[in-house]
Amino acid sequence: MKWTLILLFGSSLAVTTLGWTYHYSNKAMDWAQARQFCQENYTDMVVIQSQRENDHLVSLLPNRISSPYYWIGITKNHKNETWRWIGNNSTWIGNQSWAEDEPNNNYSNEFCVEIYVNKGKNRGKWNDEKCSNPKYAVCYKSQCTESSCVRGTCHETVENTTCLCEPGFKGDRCQTAQCTESSCVRGTCHETIENTTCLCEPGFKGDRCQTAVQCPHPSDPLNGVYSCREGNQTFNSTCQLKCHLFVLVIGSSAITCGATGVWSGPRPTCTIYKQALMAVSGCGAVSAFCCICLCWMKHRKRKKLTQVRQPEEVTSPFSEVQG
C-alpha cells in the first residue's frame, strides 16, 4: 500500500511519495519566477520522464477552476530548437503529451510549456505558452543525498529511490563490498562494510594476495656460489649451490624459499677434497682408537668376572685316625 501525504508549507503545497516529493505554489507567476521559486525552496522545476509519471503528477495536482495550468520544466530558446527538459537536458516527449493542435507557437515566442489539470479530454496534456504569462509552479525535491548510496549512484523514481552500485559492491545502499573471483588472487575473500579483505595463502601477501613472499638472495659460501632459477627468489622457489672445481658439496645442494621469507633447511657448504679426505681419515683413526679401547675394556671386565666365579680348593690339616 502506498501512502500519500499532502502538506501545507506557507505559499506552497507538497505531495510526498516514497521517492522524490512534488511541490506546487498557491501563487501564479511567470516561468522564470516559477523556476526561481522551485530552486530557492526545493530542488528545481518538475522534470517528467514518462507518461506514467505525467499521469501520476496530474492526479496529485488540484484542479484550479479559474486557472488550471501549471508550469513544467521543459523549454527552448528559439522556435527552431528542440524542446528540452531542464537539469538533465532530456528530450523525452510522449506520443500523447501535447494537447490537440499543440504545440502551435501562435505568437512565435511560445517557448515554455504548461500542463492542464482541468477536467475533460485535455487533462494532463501540454500546451506551449508565452513564458511571461502567469501560471502556478510545480517543483520537485530530490530525496537522494550524499549519504543515500555509500558506493553507488542514487536514482529516483516516482515511488522510490534506488542505488546503482559501483562494481564490487551490493546492498540497498551499496554499503557492502562484494567478493568476486578476482578479489583475491591467492587467498580467501571476506565481505565487510564498504570493503573486502583477503586472507592470504601461506607464502603470499598484498591487499589482494597478489604478491609472492620473497626471500633475500642467499649469501655465497666459501668456494661456492648459489644459482637461482631465472633469478627467482619467491615462495617455494629453490636455489642450487654450485661448488668450484675440485670442491665437494657437504649436505643437500638445494635450499627452498619458505612462506615467511626465510630459506628453509640447513645450509650446504663447499669443502676442498683434501680437507674432506683428512677429515674422513681423522674420523677413521678416532673411530679405530675408540673401538680398540672399547674392546680392551670389555676384555678386562670379562676376565674379572671369571676370577670371581672360580671355586676354591680346601685341604683338611688333620689325617683321619682309625681306632
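Read the figures in this text as sums done on the coordinates, not as results from a lab. On a predicted model such as this, the values are computed, not experimentally measured, just so you know. Cβ: placed from backbone, ideal geometry, glycine included. Neighbour counts: every protein chain shown.
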Using a 10 Å cut-off around each Cβ, can you sort I250, I193 from fewest to most neighbouring Cβ atoms? I193, I250
Given H placed 1.01 Å from N in the peptide plane, which residues other than close sequence neighbours of V213 have an amide H under 5 Å from its amide H? F204, K205, F235
With an 8 Å Cα cut-off and a minimum separation of 6 or more residues, compute the relative contact order for segment 161-247 in percent. 16
Working from the pairwise distances between different alpha carbons, so that the mean of 1/r is found and then inverted, what is segment 213-273's Kirkwood radius in Å? 11.7
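Quick one: dipole size for segment 5-141, taken about the Cα centre, charges +1 on Lys/Arg Cβ and -1 on Asp/Glu Cβ, in debye to the nearest 20.
Working: 14 positive and 13 negative charges, 52 e Å.
The calculated dipole for segment 5-141 is roughly 240 debye.
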How big is segment 31-103 by Rg and Dmax over its Cα atoms, in Å? 13.0, 35
